[in-house]
1. Could you work out [θ]222 nm for the chain from helices alone, using -39500 (n - 2.57) per DSSP H run of at least four and dividing by all its residues? Round to the nearest 500 deg cm²/dmol.
2. Using 0.36 nm per residue, how much length does the chain from GLU196 to CYS356 gain when fully extended, once their Cα-Cα distance is taken away?
3. Place a point 7 Å from Cα of GLU122 in the direction of its Cβ. Which residues in region 248-287 have their backbone N less than 14 Å from it?
4. Under a plain spin-label model, where a point goes 7 Å from the Cα along Cα-to-Cβ, how far apart in nm are ARG432 and ASP12?
5. For labels at LYS252 and ARG386 in the simple 7 Å Cα→Cβ model, what's the distance in nm?
6. Mind jotting down the distance between the C-alpha centroids of region 293-350 and region 9-73, whole Å?
7. Report, in whole Å, the centroid distance computed from the Cα atoms of region 176-240 and region 394-440.
8. Take every DSSP beta bridge whose two residues both sit in the chain, then give the antiparallel share in percent to the nearest 5.
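Values quoted throughout were computed directly from the atomic coordinates according to the rules given, and no laboratory measurement underlies them. Since the model is a prediction, treat every value here as computed from it, not as a measurement. Here the Cβ is made from the backbone with ideal geometry for all residues, glycine too, and neighbour counts use every protein chain on show.
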Amino acid sequence: MSVMSSRGQAVDGKLRSWVTSANDPQGDFPIQNLPYGIRDGSVAVRIGETYVCLHEIVRAQAFEGELAAFAWAQSLTSGSLNAFACLPATVLSEIRRQLVAIFAEGSAARSKIEPLLRMVRENEGSEVLPFRVGDYSDFYASLHHATNVGSMFRPTIPLLPNWKHVPIGYHGRASSIVPSGTSVVRPYGQTVASDEGPPAFGPSKLMDYELEVGFFVGAGNALGQPIPVDQAWKHIFGFVLVNDWSARDIQKWEYQPLGPFLAKNFATSVSLWVVTREALEPFCVAGPPRAPEDPQPLGYLADPHGCNVDVTLEVWIASAKMRADGTPPTLISRGSMSDMFWTPAQMLAHHASNGCNMQVGDLLASGTVSGTTKESRGCLLERTWRGTEPLMLGDGTERRFLQDGDEVIMRGYCEKAGYPRVGFGECRGIVRPAHTGAAS
Ligand code: CA
């Protein structure tokens, strides 16, 4: 089956909902989106500024046909999306189809469902991760990010010879993945004043964010059984925003020869609502064309119908003073995931190409999303060019890297003519001071 035929039926762009807040043209959550998250320990679907727990929809007997009889409801109350995401793709598509019918203007189910709607309240400290994440891998799929960072660390060979052949990635750490709204403590680590050392141990002075898009694996593969690239899209359950917090001074000293380690694994933030691949399919575009001198991908990575999702991605920063004064956050960058050199399907197929078994809830992130312009660079290392071109925040202070009290706010949304905006909401985190009293 080709990727094209494995795509679902797009929801009509003109459809409106009886949930008024879903029809806000500036909102992220129209009836065409319907992302899933965890609320009150249960699988919930978001529409507009409200959500409903699916097991309550089951109890209200609003699902029909095969869903009314099928024993899928036990997957709804285990505290994560893992069991739900393992349901057969046909069942997940039918659930989505019936949810669209339930929330559509004029639906007969309105009287059953309206009393079950609850307001979404975020940043109250009670947020939970949508998935129980077993494994986390982070790629490096933006040509512009790889070239920019490479030119700082290795001016003579900014892009290593393997980069356009292999989707480069590393194994991250799952235990420190946190939901949006969780504060992040400035890490300690080894850093050096000059390239040769000697090192000192102390709080990172060059703390940074990385703007990324991540996706959760739904159906996995058996150990030893690769996922063909033309099947990979349908193994993806859905997408979130990812902030891969990074300590650049720790990274610089530790990254050779085995790559990132403690500079990255102290925290990774993800947004709360998982936007399904079906909701994003109307925004699939081809990746940027390869230059004539670029190599063609090897056969196992050839993805002629692959989807690069055209997500607009923004980073905003608010200092502690700005929040106290009511000053709005300052826009730092705006880029698009469509600039990525490798598609999500290529990343997933490559990861499984040696027989590595992907499991439900595994998180794969894209790597920093940077475009061709300064304004589209997705981390401060690039945006301030290693601190040499500081940015001005709304409170009049300069930023080269993050300071204690800074809140990083990432936003992502898809837009096109004739279709409502489909978005991810926000991925937020405040930098807290390093713990005091650590040994040096
Ligand atoms: Ca990263």
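1. On the way: 13 runs with 82 residues, N = 440.
After summing the helix terms and dividing by the residues of the chain, the value is -4500 deg cm²/dmol.
2. Details: separation 160, 0.36 × 160 = 57.60 nm, distance 3.71 nm.
My answer for the length gained is 53.9 nm.
3. In region 248-287, the label zone of GLU122 (backbone N under 14 Å from the point 7 Å along Cα→Cβ) covers 269-275.
4. Placing both labels 7 Å along Cα→Cβ, they lie 5.0 nm apart.
5. 0.7 nm
6. Value for the Cα centre distance between the two parts: 26 Å.
7. 16 Å
8. Details: 62 of 70 bridges.
Approximately 90 percent, going by the DSSP bridge assignments.
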